[in-house]
Amino acid sequence: MKKLFIVLLAAFVFAVVNPTKSEAKVMYDGAEVVKGQTGKMTFKKDIKVYKKNSDGTFESLVVKRNNFFRTYDIEKYDNKIFYQMGQYRVQATDLVVFKEVPIKIRSSFYNEPTYIIINRDGIYRVGSYGFNFRSRWGISFLDTNSGQLLEYCQSDDGSWMACYQYPGTDLKIAETIHSKSGERFELTKDAGGKRTPLDEAKSETMYDKGSVFQSQGTEVNGYLEVFSESDSKSSWLPANLLKPVGDK
């Protein structure tokens, strides 16, 4: 009994001293950072921000000058920037002061992060909107005067290395979930296959309810990478709309 007590006590002490990623607080610039947060935002004067309800109506919220708010998803297109502040979407203007959380800190919340380019206006040596890559492919972080960059390096045979740099705010991060490749799934309702696992991305090919796919073994941002048995195309489909073939 005494030995059991000692073992349990040791386990408790280890858990307290070594908290998991979800338990340990991450601090930056004097404030706690949470998973999925891209930065924090304040306003130079009191303004109204808006959210669109599911019925098409809009709801407003008055935000006070100099109060800080966490930002999550970022959208960049037509030379405009939009920040998601909870349910409210805010366009970057002279009244908005945004401070990004460095991409290295954002990455620390994920076991195997996948990085997805979200800037529709971005011009890079490799990749455009929706291009995604993973940490096991050679990732490092570079501090610059204009913010932290993520550097992604690749090599075909190890004899050379090509590296490409991306601003942290041009990237969405999602957890990579691995599963059995080749498992067959059936679509539970009509849906569009996408070339990238982003909610905002347009559908490339529409598939009918009952269409059958084979998993390619990777789920990112709620989308499963699949191979269609009807047209032999690879795409990303919402994982919650797929069920194993044979399930009722």
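Can you tell me which residue among Val97, Val90 is more than 18 Å from the chain's Cα centre (by Cα), within 30 Å of Ser54 (Cβ to Cβ) and assigned to a strand (DSSP E or B)?
Working: Val97 fails: within 30 Å of Ser54 (Cβ to Cβ).
Selected residue: Val90, the only one of Val97, Val90 that is more than 18 Å from the chain's Cα centre (by Cα), within 30 Å of Ser54 (Cβ to Cβ) and assigned to a strand (DSSP E or B).
Would you point out the residue of region 50-69, among those that are modelled with pLDDT of 90 or more and either buried (at least 16 other Cβ atoms within 10 Å of the Cβ) or aromatic (Phe, Trp, Tyr) (or both), that is nearest to the chain's Cα centre (by Cα)?
Out of the qualifying residues, it is Phe69.
Specify the residue that is surrounded by the most Cβ atoms within 10 Å (Cβ to Cβ); the eligible residues are those in region 158-204 that are over 23 Å from the mean Cα position of the chain (by Cα) and hydroxyl-bearing (Ser, Thr, Tyr). Walk me through it before giving the result.
We begin by selecting, within region 158-204, every residue over 23 Å from the mean Cα position of the chain (by Cα); these are 158-162, 182-190.
Next, from what is left, pick out any that are hydroxyl-bearing (Ser, Thr, Tyr): 159, 188.
Details: Ser159: 6, Thr188: 14.
The selected residue is Thr188.
Residues to consider are Tyr110, Tyr115, Tyr124, Tyr129; find the one that is within 20 Å of Pro197 (Cα to Cα) and assigned to a strand (DSSP E or B). Let's see the steps before the verdict.
Numbers: Tyr110 fails: assigned to a strand (DSSP E or B); Tyr124 fails: assigned to a strand (DSSP E or B); Tyr129 fails: assigned to a strand (DSSP E or B).
None of the others qualify; the one that does is Tyr115.
Just to check your reading of the model, which residue among Gly130, Gly138 is at positive phi, surrounded by 14 or more Cβ atoms within 10 Å (Cβ to Cβ) and at pLDDT 85 or above?
On the way: Gly138 fails: at pLDDT 85 or above.
Answer to the selection: Gly130.
For (1) aliphatic (A, V, I, L, M); (2) in contact with a Gly (Cβ under 9 Å, 6 or more places away or on another chain), each residue gets a yes or a no:
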site	(1), (2)
Lys99	no, yes
Ile103	yes, yes
Tyr115	no, no
Ile118	yes, yes
Gly127	no, no
Ile139	yes, no
Gly147	no, yes
Pro167	no, yes
Thr176	no, no
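The values are calculated or read from the model by the stated rules, or taken from the named source; none is laboratory data. Note that the structure is predicted; figures quoted are calculated from it, not measured. Note that we place each Cβ from the backbone using ideal geometry, even for glycine, and neighbour counts take in every protein chain shown.
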